[in-house]
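Read the structure below first, then the notes.
The values are calculated or read from the model by the stated rules, or taken from the named source; none is laboratory data. The structure displayed is predicted, hence computed values, not measured ones. Quick reminder, even Gly has a Cβ in these numbers, built from the backbone with ideal geometry, and neighbours come from all protein chains shown. Each accessible area value is taken on the protein alone, full model and side chains, heavy atoms only, with ligands, DNA and RNA left out. Shrake-Rupley method; radii C 1.70, N 1.55, O 1.52, S 1.80 Å.
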Amino acid sequence: MKNQLSDRINSLPVSATLAMAAKARELKAAGKDIISLSLGEPDFNTPDFIKEAAIQAVHDNYSSYSPVDGYADLKDAIITKFKRDNNLDYNPSQIVVSTGAKQSIANVAMVLLNPGDEVLLPAPYWVSYSAIATLGEATYKEIPSSIETDFKITPEQLEAAITPKTKMIFFNSPNNPSGSIYSEPEYRALAKVIEKYPNIYVLSDEIYEHISYGEPTFSFAAIESMYDRTITVNGVAKAFAMTGWRIGYIGAPDWIARACNKIQGQITSGANSIAQRATITALEAPVSKIQYMVDEFHKRRDMVLDLLSKIEGFKLNKPGGAFYIFPDVSFFFGKEIKGHKIENATDFSLFLLEEATVATVTGEAFGAPDCIRMSYAASEVQLREAITRIGKALA
C-alpha cells in the first residue's frame, strides 16, 4: 500500500526515459513493430580489447570484494586519464569509483545536501538530477534555456537564480538531452559568478566528453578558482559502450571524496571487480581506439538533422556532442492530428509512439517542455525508417 511507503520514495518520480523504454518494450511484446529512440545507450558492442581484459580478470581470479573506493591501479588509471584529457591533477584519495556515474552523482548529493538546501539545474538537464536532489532532501530550481540559445544559460541567468539557500549547481557538457557543449570561455564566465559565493559547489557531469564532433570539451574543475569546489563525474558507459558494466567515478576535493567513500561503504561497497579490471584497460587505451564509434555518431547526427529538416514543424539546432537530437516541437501544440489532441511535448511523444510506432522521450522530463529527445544511437536503417514513419504520421 502506497501510504505505508516512505515519503522519500513517494516523492520520487519514475525515470521518464526508463518509463518510455518500458512502454516501448510492452508494445513490442504485444506484436507492435516499435523503433525505440528513447534510451541513451550506444548500439555498439563493447570493444574486444576491453572484453579480453575482463576475461583475463576472471582467469586471474578477481572474485573477491574490491576496496570500497576502487582498486588502487584503477584509481591510478583514472588519475592519468584526468591529467591527459582534462588537465586535472588528482591524487588517489580524491578518486572514488562507483557502480555507474549515477551512483557517483547520488553519493555526492547525499554527502553535501541538507534539508532546505537548493540545487540549481540549468535546463535541459538529465532526468535523474532532479530526483537525486529530492532524494537528498533538497529543493531544485530550473534555469531555463531554449533552442535559440543553443540550450545554454547565461551568467546573468545564473546570478539571478542564486539565493542564500543555493548549495550546488549541476553542469553537464556535452549535454544530455540537448548535445550542447559549453566552451571554455562560457564556463569561465559562469565561474566568475560562482566565485562570489564561496558556499556553492559545482557537480560537473562529463560522461559524454569523448562524444563530440569537433568542438573541444572543457572541464569545469580546470578553472583554478573552481578546483576546490568542483566534483568531476565521469564513467565508461557512453564513450566505451559499457553501459551494463556499471562503472563511474569522481575526482573531488579530498573531504568530499572521503565522505562519498564512507556512504558507499554502507550502501553498495566496492563496484564490480571484473568491470573495474576492464575499465583500467579502457582508460589506459588511447582515445583513438574508440574514434570509430564517434565518427559513426557524427555521421548519424548529420543524417538525422537533414531528414528531420524536411518535416514541417521540427525546429532544430546542431548539437555539438552526445547522441541526441532535441527538437522544439511547439509548432504542433494546440493542433489535432489523426484524432490526437496535442497540447504539449508529452502528448506529441505519445502520438509518435502510437501513430508512428517510434519511441521518443518528452522534453518535460528534462525541464524543456517545448522539446522531445530522440536518440540516434540506433542503426542508420532504423533511423531512416523511424523518420519516414514520423513524416507519414504527420502528413
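Note on the chain: with charges restricted to the Cβ of Lys and Arg (+1) and Asp and Glu (-1), its dipole about the Cα centre is near 620 debye. Expressed per residue, the C-alpha convex hull volume of segment 194-320 stands at 170 Å³. Amide H contacts of K152 (H built 1.01 Å from N, in plane; Pro and chain starts excluded): S146 sit under 5 Å, all sequence-distant by 5 or more or on other chains. With everything on Cα atoms, drop me the angle between helix 72-86 and the longest principal axis of the chain, reported from 0 to 90° to the nearest 10. It works out to around 60 degrees.
If you roll a 1.4 angstrom probe over the protein chains with everything in place, what fraction of the accessible area of segment 139-179 belongs to carbon and sulfur, to the nearest %?
58
Simple rule: put +1 on each Lys or Arg Cβ and -1 on each Asp or Glu Cβ in segment 23-76, find the dipole, and look at A30, I55, Y65; the Cα lying farthest toward the positive end is A30. Here the accessible area is traced with a 1.4 Å probe on the protein chains. For segment 1-122, carbon and sulfur cover 52 percent of it.
Considering only P286, S183, Q382, and ranking their Cα positions along the charge dipole of the chain that arises from unit charges at the beta-carbon of Lys, Arg, Asp and Glu, the one farthest toward the positive end is Q382. FRET efficiency for A29 and I263, Cβ-Cβ distance as r, R0 = 56 Å, nearest 0.05? The formula returns an efficiency of 0.90 here. Considering only R84, R188, R384, the Gaussian network model of the chain with Cα springs below 10 Å gives its largest mean-square fluctuation to R84. The H on the amide N of A285, modeled in the peptide plane, is under 5 Å from the matching H of no residue at least 5 residues off or on a different chain.
Taking a ≥ b ≥ c as the square roots of the eigenvalues of the alpha-carbon gyration tensor, segment 88-246 is classed rounded because a/c is under 1.5. In the chain, the longest principal axis of the Cα atoms and the axis of helix 184-194 are about 70 degrees apart.
Selection among Y140, F170, S15 by position relative to the dipole of the chain gives S15 as farthest towards the positive end (Cβ unit charges, Cα centre).
Between amide H atoms placed 1.01 Å from N, distances below 5 Å from K335 occur with I342, all of them 5 or more places distant or on a separate chain.
Charges were assigned to the Cβ only: +1 to each Lys and Arg, -1 to each Asp and Glu. The resulting dipole of segment 72-127 about its Cα centre is roughly 180 debye.
Roughly how big is segment 143-234's charge dipole about its Cα centre, with Cβ charges of +1 (Lys, Arg) and -1 (Asp, Glu), in debye to the nearest 20?
Taking the Cα centre of segment 143-234 as origin, the dipole is about 380 debye.
For the chain, the solvent-accessible area works out to 42 Å² per residue, with a probe of 1.4 Å and every protein chain left in place.
Between D302 and N87, the simple spin-label model (points 7 angstrom out along Cα→Cβ) gives 2.9 nm.
To the nearest ten degrees, helix 273-284 and the longest principal axis of the Cα atoms of the chain are 80 degrees apart. With r as the distance between the Cβ atoms of E52 and E343 and R0 = 56 Å, compute the FRET efficiency 1/(1 + (r/R0)^6) and round to 0.05. E(calc), rounded to 0.05, equals 0.60.
Across segment 218-225, rounded Karplus estimates of 3J(HN,Hα) from the backbone phi angles (6.51 cos²θ - 1.76 cosθ + 1.60, θ = phi - 60°) give 9, 8, 4, 5, 6, 7, 3, 5 Hz, Gly and Pro being marked x. Hey, got a sec? Which chymotrypsin sites (Phe, Trp or Tyr not before Pro) in segment 13-109 land in a DSSP loop and have at most 16 other Cβ atoms within 10 Å? Here the chymotrypsin sites (Phe, Trp or Tyr not before Pro) that fit, given the DSSP loop and packing criteria, are F44, Y65.
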